[in-house]
1. Find the strands (runs of 3 or more DSSP E) located wholly in segment 1-103 whose residues include 3 or more that are touching a residue at least 60 places away in the same chain (Cβ under 8 Å) and within 21 Å of the chain's Cα centre (by Cα), and list them.
2. Inside segment 1-16, can you point out the residues that are of a type in the set (Phe, Trp, Tyr) and touching an Asp or Glu at 6+ places or on another chain (Cβ under 8 Å)?
3. Within segment 142-155, can you find the residues that are crowded, with 19+ Cβ neighbours inside 10 Å and part of a loop (DSSP other than H, G, I, E, B)?
4. Only one residue in SER205, SER189 is among the small types (Gly, Ala, Ser), closer than 30 Å to PHE34 by Cβ and either exposed (fewer than 13 other Cβ atoms within 10 Å of the Cβ) or modelled with pLDDT of 95 or more (or both). Which one?
5. When segment 85-99 is examined, which residues are found to be surrounded by 20 or more Cβ atoms within 10 Å (Cβ to Cβ) and of a type outside the set (Phe, Trp, Tyr)?
6. State whether one or more residues within segment 53-69 are in the same structural domain as PRO29 (by TED's automatic domain parsing) and farther than 22 Å from TRP11 by Cβ.
7. Could you please let me know if PHE131 is in the same structural domain as SER205 (by TED's automatic domain parsing), surrounded by 18 or more Cβ atoms within 10 Å (Cβ to Cβ) and outside any loop (DSSP other than H, G, I, E, B)?
8. Residues in segment 6-40 that are under 18 Å from LYS65 (Cα atoms), surrounded by fewer than 17 Cβ atoms within 10 Å (Cβ to Cβ) and among the hydroxyl-bearing types (Ser, Thr, Tyr): how many?
Amino acid sequence: MSKFTVVTKLWPSGASLDTGTDETTLTVPPTASFNRHAANFVVSPDGKQNFQFLFWNTGRHVTNKRHVHWDFSVGGWGVWTATKWYGTPTIGTPGPGVIDVEPFSLGGDALITGSGTAIDAAASTIPAGAFPFSGNDHQIGTAGGAVNVAAKTPFASLQFAGWDLLVFGGDDSGEFDETDAGGSPGSASFFPVGSGTFHVNQNTSANLLALYGNSSKSNLGGILANVGDILTKPGVISPVDPSPEDRVRLAILQGLLQQTKPAGGQTADLQALTQAAPGMSLDELNAALKSVQTTVALGNTTVSALQAQIKAKTPAK
């Protein structure tokens, strides 16, 4: 059994807004579809303030479209949470001629804080003296010229997944189509793909989300899939010595060692899980824990096997 649920949050704090319960328990497969339309405004729980729509976190992507359609055909993800984000236009909106860039975790469904700026100044095209703007390293001034802003990747152990231009009120035309094909946040197959720089004209303002997701595949998961490449890739081992059979074995070993290096791989995945944990549901936490325990058990088995062979092949003193 799985659950599809819709929640509402306040930008930028992430505080929950009580707009009623919206959840459905389902079994996938067979297929299931949902349509939700976000109202332009919602009222605060005390009835004293209106908040305006900003964006949906559909569960895998961010969109300004107020209408979203979900098609579920794969299942196995436990709880799928979609979030409507609302805010106050006077809060978090950059002034004239300023670009504000805030990093946002898709899986964590929250701003990424405590990791500095997501702006890659070296890869961006920025007028002289425009960054940081008034000492704020999340902002770039545009008075001196147009800007092509690039996002850091990886950032906070996550990979860049694209840009979203925040516009209060969103886009009430058409719809955004979402699917669970290929996996969901927190699963081993959730790999959003980043995009290039975001262009902003001179003297123009923009409120940008730099979106981040876990797009680094686990190194352990990719080992078996790449054994064929390891076996056939030329030039890995010298063809002179050792023997052809030994070269094959050494090529496999070299490939495995290369793929199990911590940088950008399994370590990044585990760090991403650690960061996303506060925003996970109970079902998602249990699924993530089971996956990590399986990986740890496999690692311990491998360590024991390697230690036994080292001991057996170490010359006696």
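1. Values: elements: 2-10, 23-26, 32-37, 41-43, 50-57, 67-72, 79-87.
Result: 2-10, 50-57, 67-72, 79-87.
2. Selection gives PHE4 alone.
3. Matches in segment 142-155: THR142, ALA150, LYS152.
4. Step by step, each of SER205, SER189 is checked, and only SER189 is among the small types (Gly, Ala, Ser), closer than 30 Å to PHE34 by Cβ and either exposed (fewer than 13 other Cβ atoms within 10 Å of the Cβ) or modelled with pLDDT of 95 or more (or both).
5. GLY87, PRO94, VAL98, ILE99
6. yes
7. Working: in the same structural domain as SER205 (by TED's automatic domain parsing): yes; surrounded by 18 or more Cβ atoms within 10 Å (Cβ to Cβ): yes; outside any loop (DSSP other than H, G, I, E, B): no.
No: the conditions fail for PHE131.
8. Quick first cut of segment 6-40, residues under 18 Å from LYS65 (Cα atoms) only: 6-11, 33-40.
Subset that is surrounded by fewer than 17 Cβ atoms within 10 Å (Cβ to Cβ): 33, 35, 37, 39-40.
Remaining after also requiring among the hydroxyl-bearing types (Ser, Thr, Tyr): 33.
Qualifying residue count for the region: 1.
The values are calculated or read from the model by the stated rules, or taken from the named source; none is laboratory data. All figures in this text were calculated on a predicted structure; none of them were measured in a lab. Don't worry about glycine lacking a Cβ; one is built from the backbone with ideal geometry, like all the others, and counts go over all protein chains shown.
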